[in-house]
Structure formats: C-alpha cells, structure tokens
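Report on the following structure.
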Amino acid sequence: MAAPSRPPATSRALPAFVPATAAAEPASGLNVAVLGSTGSIGTSTLEVLAGSAGRFRPHLLAAHSSVAAILEQAHQCRPAWVVVTDPAAAATIGTGALPVGTRLAVGPEALDELVADPAIDRVVSAIVGAAGLRSTLAALEAGKTVALANKETLVMAGPLVMRLAAARGATLLPVDSEHSAIHQALRSGTSDEVVRIILTASGGPFRTRSRESLQTVTREEALRHPTWSMGPKITIDSATMMNKALELIEARWLFGCPAEKLAVVVHPQSVVHSLVEFIDGSVMAQMGPPDMKLPIQYALSYPARHDGPARRLDFTQGLRLDFEPPDPVRFPALRLGHEAAARGGSCGAVLNAANEEAVRGFLAGEIRFTDIADMCSRVLDEHAYQADPSLDDIRRLDVWARQEVVKWARV
Ligand code: NDP
Ligand code: MG
C-alpha cells in the first residue's frame, strides 16, 4: 500500500503550533501602531519602519512619560496620533509642540480606544511589564494583527489571551527573538512531529559566577548585558534568568506546547535564537546577530520576508557557537519558569507580578540580587492557586503578589 502522500508545501496548512497567516499587505503600505515607542523595542521598531521602503508607516506612537523623546519621534515620522499615558507628563506638552497633522491623546483609556482604530493594520505591543496587558487585549479585541514584544501579556493571561485572539480572528506574532526563531523553525514540520522546543539563553552577565558571589552583585553589574542592548527591566531579568522563565511560559501558551516539551540551553554568543527538534532527530535553528530589528521586521512582514536594516552574520569571519546546560542551582528562576509553565492557571500572573516588584526593589537598592528569585519562589508557593483565572482574578493576584514582595522586603 502506498504511503499517504502529503499535500505540497505551498498549500499545506501551517502546523497547529504556528499562529495563523496575517492578512496580505496592501500596495499602499500598512499603518503601524507602536505601543512603547520610546523604549528599546519601540526605537528599533521605528528604525524598521524607516527602512521598510514605505511598506510600513507609523500611524500611532505611545509612551508613558518620556515626553521629549516621543515629541522628537513625532517630528521625525509624523504619525496621525501620539498617545501619552501619564496625564501629568502629557500636561507639560505645550501647544504647537506636535507637528501639524499629529494629534495628542492622553491616558491608558485613550490608548485602548485608539488601538482599535480601523485605520491601524499592525500593532507592535512593546510597553514593558504588566502595564502592556490592557492595550494588547484591546488590540486583540479589535481583531488586529499584533506583533507581541510584551511577553508579560502571555505570562499573565496566556489561555485567556489565546482564546480572545481566536474568538476575534486576531493574529499574534512573536517579537521575542526566541519565539520568532521557534515560529520560523516550526514551519519545517507539523505539530505532531515536534518533540522539543529548545529556547536559547545567553546566560547573562553572571553566567560563570558562583551562587555566593551573586549575593553581592551591584545594579550596574547586573545592567551590563554581554550581548543584548535592552530596557532595564528585561536586562535584570536576563541576569537572573527570570527572562528565560517568563519565555518558557510565553512559549507554552503562544505555541500551545506542553510544558514537558520545553527546554532551555545556554548559548553565550546569542546567535542561535532557539531550536526545534523533530521526531526524526532533525533540529532546526534560526540564526542571526543579536539585533531585535530582525524579529520585529519578521513579525510585521510575516509570512513574507523583506530586505531590512537588521545586522547580518558575516561568515567570512570566524564564528563560534557554544552550548551548555543551564544551572538551576545558581539560577533558581529557571525552576520557577518550568513550574509555572507546567502548572499554568494563576502561576504566571503571580510570578510576573512578584518579579516586577522584586526587580523594582533591586534597582532601587532595597533588596539583593539573589532575593529576586527567592521572593518570587515564596510568593508562588504561598498564593491561592486558581486553575482558570478571569481577568479580574489576574488583576487581583497581580496586586496581591506585589504587596507580598513589599512586605517581605521590609522584614
Ligand atoms: P523599555 O523599558 O526600553 O521601554 C518601555 C516602553 O514602555 C517605553 O516606551 C515606556 O514609555 C513604555 N511604558 C512604560 N510604562 C508604561 C505604562 N505604565 N503605560 C504605557 N507605557 C509604558 O522596555 P523594552 O523595550 O526593553 O521592553 C519592552 C517589552 O518588550 C517588554 O515586555 C520586554 O520584555 C519585551 N522585550 C524586549 C526586548 C528587548 O530587546 N528590549 C527583547 C524581547 C522582548 P516611557 O519611555 O515614557 O517610560
Ligand atoms: Mg527573548
């Protein structure tokens, strides 16, 4: 009997793990909303848009309080809207400060409303932390195609977010470099052919440090990432490896991948952005220099690929790729990530909130570096687990977890 034949690659539906195909680009270019435009991802996004030969144009820029920076961006790229979510900061914007043709809106409610504007084709969700959840939900509610940098959205409310996207016909495409790599590698097979998704981790600035010496690391040392240039919160998360923990949870929901199929490998050069192992033993990797412009552009152009401003690998120079197993003893955050990905429910929201508060405390000099994972572990253990929390439950747990960290930090 002949083996069942596979449909040709061009007409084959994408594997179940891979988000649905985004709508085709109109000839006139796509209007992009950049939420968090003044941040690290936001500024890289504006570089991608500027280098896109008119395929993408900034329609809305949003930031919290960096008024000078967003005004400068507005004069450079002339969006239809500028949104400043902090009313006190917005009040400092004088009349005539914005370019002609750009309007100002103020507050998070205004952002939720504007992100649903039918004129917007793509939303780049790059606000940092739990603050990014509401505008991402508003964009999905409006059925938008969302390029998601704000991993906290999926960490906090993964099942709810994926259900909303499916119900509203919205599309979520990853910007996180690991998830972009996985998304690309998954195009090589079907979901039942995947045996393992392996996220790479740089190991951060303390990859080779002893657990004891980690107790005394300073804010400045922790902010000095060896390969990536990023905002302060995610840079600290990379140093504790909590970033990888959050990314395990993000992958769990984004790709609908069971937690036991998720693994982490340390790869100090940050060139292989993640790997997918298939049933026949083939391992597909995606490679590129550590430059977020490539995953940002891929999330905007998917399923097409375009030339763009991202750096390229130079194979005429020597290139060394090292891989080593992670050390969960020195980096206990990793264990928390595996645990929260496996237990699901309220664990992601609690872990995320505890971590945000602990990172704030560390950056403010209130707690030690090693306290971050210890506090997150205690809050996760002590919380009243809920298997299928509502958005209200998630918001309540978020507040509770932050209060617990503050309480313990004072002890
Ligand atoms: P940054 O700290 O550099 O930028 C954060 C952005 O969010 C700024 O535009 C900031 O505005 C805005 N913002 C902060 N608080 C609020 C708020 N309450 N309401 C509205 N806007 C707010 O962060 P990154 O660019 O590093 O990270 C953004 C997201 O992308 C994070 O979720 C991170 O995990 C994720 N990510 C980042 C990567 C990177 O390379 N940086 C890689 C992969 C994922 P303002 O300037 O006014 O404060
Ligand atoms: Mg990442």
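Applying both filters, DSSP loop and at most 15 other Cβ atoms within 10 Å, to the GluC sites (Glu not before Pro) of region 351-390 gives Glu366. In a DSSP loop and with at most 14 other Cβ atoms within 10 Å, the chymotrypsin sites (Phe, Trp or Tyr not before Pro) in region 295-350 are Phe315, Phe323. With one equal scatterer per alpha carbon and no solvent term, the Debye-computed log10 I(q)/I(0) for region 238-341 at 0.11, 0.15, 0.22 1/Å reads -0.42, -0.79, -1.37.
For Lys144, go through the aspartates and glutamates and keep the ones whose alpha-carbon is under 17 Å away, minus same-chain ones fewer than eight residues off. Reachable aspartates and glutamates: Glu25, Asp112, Glu113, Asp117, Asp121. Helical runs assigned H by DSSP (4 residues or longer) give the chain a calculated mean residue ellipticity at 222 nm of -12500 deg cm²/dmol, each run adding -39500 (n - 2.57) before division by the residue total. With the simple model of a label 7 Å out from the Cα in the direction of the Cβ, Asp381 to Arg163 spans 3.1 nm. A simple spin-label model places pseudo-atoms 7 Å from Cα toward Cβ; at Arg78 and Glu113 they are separated by 2.7 nm. Assign one of three labels to the chain, namely rounded, prolate or oblate, based on the Cα gyration tensor with a ≥ b ≥ c the square roots of its eigenvalues; rounded applies when a/c is under 1.5, prolate when it is not and a/b is larger than b/c, and oblate otherwise. It comes out rounded by the Cα gyration axes. Would you please give the FRET efficiency between Arg368 and His306, computed as 1/(1 + (r/R0)^6) with r the Cβ-Cβ distance and R0 = 56 Å, to the nearest 0.05? With R0 = 56 Å, the Cβ-Cβ based efficiency is 0.75.
Spin-label pair Glu221-Ala91: with each label point 7 Å from Cα along the Cα-Cβ axis, the two points sit 4.3 nm from one another. For the chain, relative contact order (Cα pairs under 8 Å, six or more residues apart, normalised by length) works out to 16 percent. For region 278-398, the Kirkwood hydrodynamic radius comes to 18.2 Å, computed from all pairs of different C-alpha atoms.
By how many nm would the segment from Ala69 to Asp322 grow when fully extended, if each residue of separation counts as 0.36 nm and the alpha-carbon distance is taken off?
Once the chain is fully extended between Ala69 and Asp322, it gains 87.2 nm.
For Lys151, a cut-off of 14 angstrom between C-alpha atoms picks up these aspartates and glutamates, skipping any fewer than 8 places away in its own chain: Asp176, Glu178, Asp237, Glu247, Glu250, Glu356. Highest mean packing comes first when the peptides 76-88, 160-172 are listed by Cβ atoms within 10 Å, giving 76-88, 160-172.
None of the figures in this text is laboratory data; all of them are computed from the coordinates on show. All values derive from a computational prediction rather than experimental measurement. Because the Cβ atoms are built from the backbone with ideal geometry, glycine has one as well, and the counts that use them run over all protein chains shown.
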